[in-house]
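K.L.:
Got a structure here, written out as structure tokens. Questions coming.
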Amino acid sequence: MTDLQTSSPEPADLTGTDAVDAEDVSNSVDAVVSEDAESAEPADLDREGDIAADYIEELLDIADIDGDIDIDTRNGRAYISVNAEDGTNLSLLAKADTVAALQELTRLAVQNQTGGYSRLILDIAGSRDARQAELGILVDRSIAKLDEGAAEAALPPMSSYERKLVHDIVSERGYVSNSRGEGRDRHTVITAA
């Protein structure tokens, strides 16, 4: 059985670099993100979170997978986190491709009920933290290439959320990044400051 927990919503921070990459690689519909999606009201995000949590809870119950669901809102997005104690079968869903697919299904479920585009983020068993650590290593390798004399270093294509994480990591390291390409080929390129 799953436990549902909500945290108090934080005010949306719409000044971040997230708006730089409005196109989500995993779904071509994301290329037409409207201003409304970027300036979602906290009440709308709370509703998205509730719908998404209900969808995920039902999925977990059907699959007989234990997990606790937390709902949070920040940076103009609803965040759904599913966690469980070590040794549970939740790890079956924590692979990056599985999380991405479940996130898209959850977004579609939210869109079906609200009629609006959803930018929610799904994290299962710490998969987002693990991916952020992987991206940090990828950025460090690319920076090493720049330090060896390369003019720029291109990363592989990834979702807008992952590109935003990369932009943040690159900025912390004192370098510059921008996104290039369209659709599934959209990727980040790092250059010296």
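K.L.:
Taking ALA133 as the residue in question, decide whether it is modelled with pLDDT of 90 or more, aliphatic (A, V, I, L, M) and at positive phi. Before the answer, list the steps.
P.N.:
Numbers: modelled with pLDDT of 90 or more: yes; aliphatic (A, V, I, L, M): yes; at positive phi: no.
Here the answer is no, as ALA133 does not meet what is asked.
K.L.:
For the condition closer than 19 Å to TYR55 by Cβ and either at pLDDT below 95 or aliphatic (A, V, I, L, M) (or both), what is the one hit in VAL110, VAL189?
P.N.:
Numbers: VAL189 fails: closer than 19 Å to TYR55 by Cβ.
Just a single option satisfies the conditions, and that option is VAL110.
K.L.:
How many residues, within the range 77-110, are farther than 13 Å from ARG128 by Cβ, surrounded by 21 or more Cβ atoms within 10 Å (Cβ to Cβ) and in contact with a helix residue (DSSP H, G or I) (Cβ under 6 Å, 6 or more places away or on another chain)?
P.N.:
3
K.L.:
How many of the residues making up the range 86-101 are more than 20 Å from LYS164 (Cβ to Cβ) and touching a residue at least 12 places away in the same chain (Cβ under 8 Å)?
P.N.:
9
K.L.:
Still on this structure: Give me a count of the residues in the range 160-178 that are basic (Lys, Arg) and surrounded by 21 or more Cβ atoms within 10 Å (Cβ to Cβ).
P.N.:
Qualifying residue count, the range 160-178: 1.
K.L.:
Then there's this: Could we say that THR114 is surrounded by 21 or more Cβ atoms within 10 Å (Cβ to Cβ), of a type in the set (S, T, N, Q) and touching a residue at least 24 places away in the same chain (Cβ under 8 Å) here? Full working, then the answer.
P.N.:
Working: surrounded by 21 or more Cβ atoms within 10 Å (Cβ to Cβ): no; of a type in the set (S, T, N, Q): yes; touching a residue at least 24 places away in the same chain (Cβ under 8 Å): yes.
Criteria not met by THR114.
The values are calculated or read from the model by the stated rules, or taken from the named source; none is laboratory data. Since the structure is predicted, the reported quantities are computational estimates derived from the model, not experimental observations. Neighbour counts are summed over all protein chains in view; Cβ atoms, including those assigned to glycine, are modelled from backbone coordinates with ideal geometry.
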